[in-house]
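One structure below.
The values are calculated or read from the model by the stated rules, or taken from the named source; none is laboratory data. This structure is a prediction, so every number in the text was calculated from the model and none was measured. Note that we place each Cβ from the backbone using ideal geometry, even for glycine, and neighbour counts take in every protein chain shown. Each accessible area value is taken on the protein alone, full model and side chains, heavy atoms only, with ligands, DNA and RNA left out. Shrake-Rupley method; radii C 1.70, N 1.55, O 1.52, S 1.80 Å.
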Amino acid sequence: MKKFFTVLFIALNLSLCAFADELQDVQCFFNQYIDAANSYSNDYFDYYSEDAKIVRVVEKPDGTKEAVNIPLSRYKEEAKKSTALMKLRKYKNRYLNVKIFPHGKDYKIVAMRMPSTSDYKIPAHFIVGKNDNGEWKIKEESMNTKVQKFLREG
């Protein structure tokens with residue numbers, strides 16, 4: 001029953017988004033991406049372009065930051081491995097203060113991400129644009145994190 005309502009919600013979002021202008025299209029796309037991520041949808045990775053750039057900006061205990069580029073293939077592999085645990089912990093991300101700006105022919109989405117397992121907010125941004133088929137895709141995702149393992153595995 002829960003899957004039925006999730007599919008219905010996504011279908012309604014898609015139909016409502018079909019009538020929006022481009023900026024609203026980007027907002028709808030981002031909302032659908034969040035829904036897919038937070039519901040652990042099988043089509044979650046369909047939101048990314050094949051050559052999406054994934055960056056984790058690690059916030060070190062001493063206050064400095066270090067950006068780590070993660071290949072999309074590794075990101076997918078790690079996400080698939082951790083899905084069961086994330087579901088068990090009911091992990092979700094909320095995005096607050098979402099702002100969307102034109103970025104060349106693409107759009108940049110800037111927000112504060114609040115993991116459900118934390119009491120802090122950390123910066124995130126996405127670059128989204130249309131692919132050759134006219135579909136919106138995430139071309140770049142950058143999120144700050146306090147998880148130090150990215151430094152060892154980067």
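Taking the criterion of being open to solvent by 40 Å² or more (accessible area, probe 1.4 Å) and touching a strand residue (DSSP E or B) at 6+ places or on another chain (Cβ under 6 Å), the only residue of region 83-95 that qualifies is 94.
When residue 137 is tested against (1) under 18 Å from residue 43 (Cβ atoms); (2) open to solvent by 70 Å² or more (accessible area, probe 1.4 Å), just one condition goes unmet, and that condition is (2). Test residue 54 against the criterion of being aliphatic (A, V, I, L, M), assigned to a strand (DSSP E or B) and in contact with a helix residue (DSSP H, G or I) (Cβ under 6 Å, 6 or more places away or on another chain), and give yes or no. Answer is yes for this residue.
Among the candidates 105, 80, the residue that is open to solvent by 70 Å² or more (accessible area, probe 1.4 Å) and closer than 24 Å to residue 23 by Cβ is uniquely 105.
Return a yes/no flag: does region 97-114 have any residue that is of a type in the set (S, T, N, Q) and either touching a residue at least 60 places away in the same chain (Cβ under 8 Å) or within 16 Å of residue 57 (Cβ to Cβ) (or both). No, region 97-114 has no match at all.
Among the residues of region 93-143, the one identified as among the hydrophobic types (A, V, I, L, M, F, W, C), over 12 Å from the mean Cα position of the chain (by Cα) and under 15 Å from residue 55 (Cα atoms) is 122.
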